[in-house]
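Every read-out reported here was derived from the displayed coordinates using simple, explicitly stated rules and does not represent laboratory data. This is a predicted model, so every value here is computed, not measured. A quick note on method: Cβ atoms are made from the backbone with ideal geometry, for glycine too, and the neighbour counts reach across all protein chains shown.
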Amino acid sequence: MTFDELKDKAHSLPTKPGVYIMQDAKSVVIYVGKAKVLKNRVSQYFQDSAAHTPKTRAMVSQIDHFDVIVADSEFEALVLECALIKRHQPHYNILLKDDKGYPYIRLSNEEYPRFSLAGKVAQDGARYFGPYATRHNTQAIIDALRSALRLPACGKKFPRDIGKERPCLNFHMGKCDGYCRGEDLKPRHEEAIAQAVSLLEGHFQQVQADLTAEMEQAAEELRFERAAELRDRLRAIRLLGERQKVVAGSLADSDVVGFFRGTAKSCFVILHYMEGELAAKDARLIETPMEEGEEEILSALVQQTYGGRDRLPRQILLPCELADQVPLTRMLSEQVGRRVELLTPQRGAKMDLIKLANQNAREEVERATTREERQNKLLELLGKMLGLPQPPRRIESYDISNTGADDMVASMVVYVDGRPLKRDYRHFKIKDMQGPNDYASMEQVLTRRFRRYLDGDEKFSDRPDLLLIDGGEQHVRVAAQVLEGLGLDIPAFGMVKDDRHRTRALVHPDGREIGIQAVQAVFALVGQIQEETHRFAIEFNRQQRRARVQSSVLDQIPGIGEKRRQLLLRHFKSIRAIREASEAQLAELLPAPSARSVYEFFHRER
């Protein structure tokens, strides 16, 4: 379909809730979204593309056709959206790509059954337990079952391999009962498997009671070695029971969700609490979404983590309110047949738990990413937001500072790979200007800087990938005109400030504003560059004003010329120190008549 055909189809959609499915020319689903009003939401994609984010523009450019499914309510649209995202894994949706579903524990249907991890339930006669939260924790449950109940973990198959070889090292270390020894150990294996099944089904107390009775009986019969084995198994099962409850989520009191958005990677953390105590932690790293806000990211991750599970905690604490929190609460509650609360605490003990989860998420990200990765991702994000062909490795920023018609100066600050390169900082004195004029000053500074670049001046030999101009649309338009006049193709953007003097957006020479506040890392970098550029300009302005004031005072003293004035300032550092110096101290630096002249100038009133 052509763009106009897509637009007409969007305008013809009903004003009802539902789900829309965007597909490319190969009919591959590239995005799934829900809407309260289908017509309004889908039509937005086919309006003026200048208002779209880079990600949306990229997605819209690949749309060949789309389908919609009308729902009776926003809740039904949410449920349908979750199912379709899980099924199609669309490229432009926020996805947990590390797990393509929830894992299960599989117990094979054979003479000597074995436990293994499975990605889905199959009709193969085996028993399945789950689903669980993550593959890592599910495998940990299987390992703990084998260790606690001393089940085989080797590759031998029974009864085929019984008696063929000597027992492996696990038997001698007490980690396996050695079912390969050739003895009649099948009843013991069946007993261990039965206990494992009871544990997976949550019957921890019954298993503990049976093992306790067997241990006491062995002790009464003076079979102390067997009693010790059962005692160790009891300890292992208690720990296993706690882990199994938490991972399955069946008896967990609360899950506390934390989130940290890093430059390159972000982390989604869940702390599982039972009876008020922290029992386990799940952490999932994802590539940081470029444009989506924290609320949108969390909504997608919560849906993918908890949707489709038949065991959920009674309470899930979230670090921020979700736009679809009400229908999401209903979906999860109906999913498990009881009330599941989604809460966003604002203060108190629960808020402290959120802070702890967020801290854990931050530490996971910091461990998983290097500084170089963070900087590369940050510059990549900035480049995509500005529509640059490649990340801007070298950024130059300019600002003008003046106090009326005097001391007009400019600063040039340089950032390379996201970090300040102070050896390349430059100051400019504005020349031949009758009065304060920021636009003319900026034109002069940029013309001087890039003429020296074109002339091969070593101090200005590096070509920037991006110019950031402290000011609005008119300032950056001046910069674009200078670059065009010199035949240079260098992207330039203005840094637009808010009421609190913070950079809130970047503006293109044609007036288009690009918001940066939604991406915290980019917002912080641009704000840092703007502050550093302003600081560097202000400091130079103050130096010039201070030198002018000092020079004007010393110029009034008879017998003090340029050399002696510089000598005094270099030695005493300030006019105040010169004023407070004694005649003898001045005479150590100047001839006696000049020292007397300076002393009398500052003390004549006395």
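Spin-label point model (7 Å from Cα, Cβ direction): what's the residue 574 to residue 173 distance in nm?
7.2 nm
Could you tell me which residue out of 520, 593, 483 lies farthest along the dipole of region 477-606 toward its positive end? Charges go on the beta carbon: Lys and Arg +1, Asp and Glu -1, centred on the Cα centre.
593
Report, in debye and to the nearest 20, how large the dipole of region 157-199 comes out about its Cα centre when Lys and Arg carry +1 and Asp and Glu carry -1 on their Cβ.
Charge dipole, region 157-199, about its Cα centre: 180 debye, nearest 20.
Do any of 377/459; 156/186; 265/350; 55/377 go past 19 Å between their Cα atoms, and which?
Violating the 19 Å Cα-Cα cut-off are 377/459; 265/350.
Sorting check: for 459-471, 346-358, which peptide has the highest mean count of neighbouring beta carbons within 10 Å, and how do the rest follow?
Most protected by this proxy first, the peptides run 459-471, 346-358.
With +1 on each Lys and Arg Cβ and -1 on each Asp and Glu Cβ, and nothing else charged, work out how big the dipole of the chain is about its Cα centre, in Debye to the nearest 20.
So the magnitude is around 1360 debye.
Taking R0 as 56 Å, what FRET efficiency do you get between residue 447 and residue 339 from their Cβ-Cβ distance, rounded to the nearest 0.05?
0.20
Show which aspartates and glutamates lie in cross-link reach of residue 120 when reach means a straight Cα distance below 13 angstrom and same-chain residues fewer than eight apart are skipped.
Straight-line reach from residue 120, under 13 Å: 99.
Let's test the formula: R0 of 22 Å, r as the Cβ-Cβ distance of residue 8 and residue 87. What FRET efficiency results, to the nearest 0.05?
0.15
Give, in whole angstrom and from largest to smallest, the semi-axes √(5λ) of the equivalent ellipsoid of region 270-358, with λ running over the eigenvalues of the Cα gyration tensor.
Ellipsoid half-lengths, sorted descending, are 19, 18, 14 Å.
Taking only the Cα atoms of region 555-606, how large is their convex hull per residue, in Å³?
71 Å³
Is it possible to state the helix-based mean residue ellipticity at 222 nm for the chain, with each DSSP H run of 4+ residues giving -39500 (n - 2.57), the sum divided by total residues, to the nearest 500 deg cm²/dmol? What is it?
Result for the chain, helices only: -14500 deg cm²/dmol.
For the chain, what is the convex hull volume of its Cα atoms per residue in Å³?
For the chain, the hull spanned by Cα atoms encloses 298 Å³ per residue.
What is the calculated FRET efficiency for residue 582 to residue 421, with r their C-beta to C-beta distance and R₀ = 51 Å, to the nearest 0.05?
The value I calculate is 0.65.
Looking at region 484-603, what % of the alpha carbon pairs are farther apart than 19 Å?
63 percent
Within 10 Å, count the other beta carbons around each residue, average over each peptide in 295-308, 322-335, and list them highest first.
Answer by packing, highest mean first, reads 295-308, 322-335.
With axes computed from alpha carbons, what is the tilt in degrees of helix 325-336 against the longest principal axis of the chain, rounded to the nearest 10 within 0 to 90?
The two axes meet at around 20 degrees.
Between region 185-200 and region 553-606, what's the alpha-carbon centroid distance in Å?
If you average the Cα positions of each part, the centres end up 100 Å apart.
Please give every one of the aspartates and glutamates within straight-line cross-link reach of residue 39, meaning a C-alpha to C-alpha distance under 13 Å, and leave out same-chain neighbours fewer than 8 residues apart.
8, 67
Taking the alpha-carbon set of region 501-544, what are its Rg and Dmax in Å?
Values for region 501-544 (Cα only, Rg and Dmax): 12.9, 39 Å.
In the chain, if the dipole is taken from +1 on Lys/Arg beta carbons and -1 on Asp/Glu beta carbons about the Cα centre, which of 192, 584, 493 is farthest to the positive end?
Among 192, 584, 493, the one farthest towards the positive end of the dipole of the chain is 584.
Please state the Cα pair-distance histogram of region 298-421 with 5 angstrom bins from zero: what percent is in each bin?
Bin by bin from 0 Å, the calculated values are 2, 8, 12, 11, 11, 10, 10, 10, 9, 6, 5, 3, 2, 1, 0, 0.
Under 15 Å between alpha carbons, and skipping anything fewer than 8 positions from residue 384 in its own chain: which aspartates and glutamates qualify?
Cross-link targets: 291, 292, 465, 513.
What length, rounded to one decimal in nm, is gained on full extension from residue 28 through to residue 431, with 0.36 nm per residue of separation minus their alpha-carbon distance?
Answer, rounded to one decimal: 138.9 nm.
Once you have the Cα-Cα distance between residue 462 and residue 72, take 0.36 nm times their residue separation minus that, and quote the gain in nm to one decimal.
134.3 nm
One quarter of the convex hull surface, Cα atoms only: what value does that give for region 316-379 in nm²?
Result: a mean projected hull area of 6.4 nm².
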